[in-house]
Amino acid sequence: MIQLSNISKSFGSLQVLKNIDLTIAKGEIVSITGASGAGKTTLLNIMGTLERADSGQILINNQDVSQMNDKEISIFRNKHIGFVFQFHNLLAEFSAMENAILPSLIYNNNKEQAKERVNELFSILGIEDKKDSYPNELSGGEQQRVAIVRSLINSPSIVLADEPTGNLDSTNARSLFDLFFLLREKLNQTFVVVTHAKELSDLCDRQLVIKDGKII
């Protein structure tokens, strides 16, 4: 699903990533851990095409995104990559349904089909009764589930999650990881998760540890 070859990235004189090679298979749930400043989020952002590497090649679903221009990358990202962040970034004036459906409308998908997809995902995640609620009417765990539906609405090849449990208590954090495994079971979804929580990282199929810009 993802293949990174010889990926390096520097910010000024600081080399954050050093010749990273990495392969992730479809349906894997992989965690990335390491100390603050180790390069975890930078690696995730490069994998998600939010940042460009200084060198190296990135293949996602057998497409070489490192050769795409900015417009091509934007279109590719919206279709093939889903994102879940520590802060759910739901729009306060939109309902849960409207927040979740937004990426599909940006992609010009059929609105009624998109609504059916949202309803299906809301049902899988157990929030089907919250679709008309606004963010301030939802708990933190419910807001994060809406954000997960939003990340899945375009049936992405991969979902990248950056500290998705950072604002959740331990019970909701474990519940969120359980949802990742449920979505893998039902949709064969691939997840790459940056997390500081070792007990959650231990649940993943594979743990990648970054130190001094390299996967150790």
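Tabulated data
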quantity: Nitroxide proxy distance, nm - points 7 Å out along Cα→Cβ at Leu91 and Asp178; calculated: 3.3 nm
quantity: Exposed-loop-free span, longest in the chain, where chymotrypsin sites (Phe, Trp or Tyr not before Pro) count as exposed if DSSP calls them loop and at most 13 other C-beta atoms lie within 10 Å; calculated: 108-216
quantity: Distance between modelled label sites at Glu116 and Glu137, nm, 7 Å Cα→Cβ extension; calculated: 2.6 nm
quantity: Long-range amide H partners of Thr33 with built H, under 5 Å; calculated: Leu208, Val209, Ile210
quantity: Accessible area of the chain belonging to carbon and sulfur atoms, whole % at 1.4 Å probe; calculated: 46 percent
quantity: Lys/Arg +1, Asp/Glu -1 at C-beta; region 174-216 dipole; positive extreme among Phe181, Leu200, Gly213; calculated: Gly213
quantity: Gain in span if fully extended, Lys79 to Gln207, counting 0.36 nm per residue against the direct Cα distance; calculated: 43.4 nm
quantity: Distribution of pairwise C-alpha distances over region 167-208, 5 Å bins, in %; calculated: 6, 21, 34, 25, 13, 2
quantity: Rounded, prolate or oblate (a/c below 1.5 giving rounded, otherwise prolate when a/b exceeds b/c) for region 96-192 by Cα gyration tensor; calculated: oblate
quantity: Region 1-155, relative contact order in percent, only Cα pairs under 8 angstrom and at least six apart counted; calculated: 21 percent
quantity: Residues whose placed amide H lies under 5 Å from that of Thr190, excluding near-sequence neighbours; calculated: Gly27, Val159
quantity: Separation of alpha-carbon centers, region 57-113 and region 157-207, rounded to whole Å; calculated: 19 Å
quantity: Cut-off of 10 Å, at most 16 other beta carbons, DSSP loop: longest stretch of the chain lacking such GluC sites (Glu not before Pro); calculated: 94-216
quantity: Per-residue [θ]222 nm for the chain (sum of -39500 (n - 2.57) over DSSP H runs n ≥ 4, rounded to 500); calculated: -11000 deg cm²/dmol
quantity: For the chain, accessible area per residue (1.4 Å probe, heavy atoms of protein chains only), Å²; calculated: 48 Å²
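The values are calculated or read from the model by the stated rules, or taken from the named source; none is laboratory data. Computed from a prediction, not measured in an experiment: that's the story for all the values here. We place every Cβ from the backbone using ideal geometry, glycine too, and count neighbours over all the protein chains shown. These accessible areas exclude ligands, DNA and RNA; they are computed on the full protein's heavy atoms, side chains included. Shrake-Rupley method; radii C 1.70, N 1.55, O 1.52, S 1.80 Å.
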